[in-house]
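The numbers here are math on the coordinates, done by the rules we state, and not lab data. On a predicted model such as this, the values are computed, not experimentally measured, just so you know. Because the Cβ atoms are built from the backbone with ideal geometry, glycine has one as well, and the counts that use them run over all protein chains shown.
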Amino acid sequence: MAGSGLRDLLHEKEIMEETERLKRIAGPLLDWFAGNARKLPWREKPTAYHVWVSEIMLQQTRVEAVKPFYARFTEALPDVKALAVCPEERLLKLWEGLGYYNRVRNMQKAAQIVTEQYDSSMPCDYEILLSLPGIGSYTAGAVASIAGGQAVPAVDGNVLRVISRICESEEDITKQTVKRRMEEALRKVIPADQPGAFNQALMELGATVCLPNGAPECSRCPVLHLCQSGKSGSWDHIPVKAPKKPRRTEQRTVLVIRDSEHAAVRRRPSKGLLAGLYELPNVEGYLTQEEALKQTAAFGFSPIRIRPLENAKHIFSHVEWQMKGYLVLVEEQECAKGELLFVEPELTQREYPIPAAFAAYAKYLKIRLGQDKYKED
């Protein structure tokens, strides 16, 4: 019992020291942010809707890559009501290239609830936001603090890394218990008069100074004098993350089937990976040229000639596609049979949402997919 009591006292002391250290970062961090914040489009108009859209887009995607997607999305769907009533194919096309398409489907579900229950006005209350589909504690905290001025934390990967290094914590940040504990620690110290700026400053510090890969730029850090890892050099193994499970791999053969004016696409099933999106015809396993010609004929086309294309791969969260491709020229026909559509590539680019998994083969249709659409020639 005595040993247990001593451990509790030591733990309480550690929490008090951590809280005091985190209290002291607010002033220098906010001063630094005021002079170093990047100019980002969603910061120009930090309404609840715009903050929400940007935060969902920024999950798993770099800031610079998000900018053109954000501009296109918010121009087409400027408010909650427009998002709520957007046809699904149009919605998926606007999201094309960002991946994780269930995120935008959940956004639409949330928008429909907001339209029905909150008169199309995106709420800023943390607890209400948490109740909406697809919104977790981080997104709810970001919207509530930045757009609503509510003193709640917004803990993402950048913040987890920054706080772990400041406190020299060797707890595994992939555990939800660790994230919740960090949220509670920040809730005690977040400035009530500038919660949005404080949260954004922590995110900004993690994105631009306390970097995830390679050495952090400690000489530019406004809170280096308070950072335990900065003093001891332990940043090289902090934050601690449990290793991810290895992805399974799938071998696939992609067929770029086209004549002089049309190309074949098909819609994927309504459930599962890339649900409801369109794709280039493909099959599991690696086909020989002869097998690829037979498969093309089985789709209802009359092949003229075939040539192999380069191999490609695409990484999803839990699976990696390893692809080989063939370009198959076929006789002209008005339409495809069965599950395939035979359409003009320009129409495909404009109307059919095709995931970036097929970006390596899109050039053979003379179209661009995903982030390639925004690259300059």
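Tell me, how many Å apart are the Cα centres for segment 242-256 and for segment 132-185? Centre-to-centre distance over Cα atoms comes out at 31 Å. Of the residues V66, V209, A151, the one whose Cα sits farthest toward the positive end of the charge dipole of segment 2-236, with +1 on the Cβ of Lys and Arg and -1 on the Cβ of Asp and Glu, is V66.
Please identify the DSSP H helices in the chain that span no less than 30 Å along the helix axis (Cα) and have a mean Kyte-Doolittle hydropathy of -1.0 or more. Those that pass (Cα extent of 30 Å or more, hydropathy at least -1.0) are 2-36. Listed by chain and number, the aspartates and glutamates placed with their C-alpha closer than 15 angstrom to that of K244 are D172, E320; residues fewer than eight positions away on the same chain are left out.
Structural descriptor for segment 26-138: relative contact order 21 percent, calculated from alpha carbon pairs under 8 angstrom and at least 6 residues apart. Checking the table K313/K366; K39/K179; K93/K366; K109/K175 against a 25 Å threshold on Cα-Cα, which pairs fail? Long pairs (Cα-Cα over 25 Å): K39/K179; K109/K175. Express the relative contact order of the chain as a whole percentage, based on alpha carbon pairs under 8 Å and six or more residues apart in sequence. Relative contact order, the chain: 15 percent. Checking (i) 0.97; (ii) 1.12; (iii) 1.06 against Rg/Rh (Cα atoms, Kirkwood Rh) calculated from these atoms, the matching label is (iii).
Between C218, C124, C227, the Gaussian network model of the chain with springs among Cα atoms under 10 angstrom shows the greatest mean-square fluctuation at C218.
Take every DSSP beta bridge with both residues inside the chain and express the antiparallel ones as a percent of the total, to the nearest 5. Restricted to the chain, the bridges split so that about 60 percent are antiparallel. DSSP beta bridges fully contained in segment 223-360 are about 65 percent antiparallel. Spin-label model, E64/E217: points 7 Å from Cα along the beta carbon direction are separated by 1.3 nm. Across segment 248-374, the relative contact order, built from alpha-carbon pairs under 8 Å that are at least six residues apart, equals 32 percent.
The chymotrypsin sites (Phe, Trp or Tyr not before Pro) found in segment 273-310 that occupy coil by DSSP, while having at most 16 further C-beta atoms within 10 Å, are Y286. Highest mobility in the GNM of the chain, judged by mean-square fluctuation with C-alpha springs under 10 Å and restricted to A151, A360, A275, is found for A275.
For the residues S120, S229, S270, a GNM of the chain with alpha-carbon springs under 10 Å puts the largest fluctuation on S270. In the chain, helices alone account for a calculated mean residue ellipticity at 222 nm of -13500 deg cm²/dmol, with every DSSP H run of four or more residues adding -39,500 (n - 2.57).
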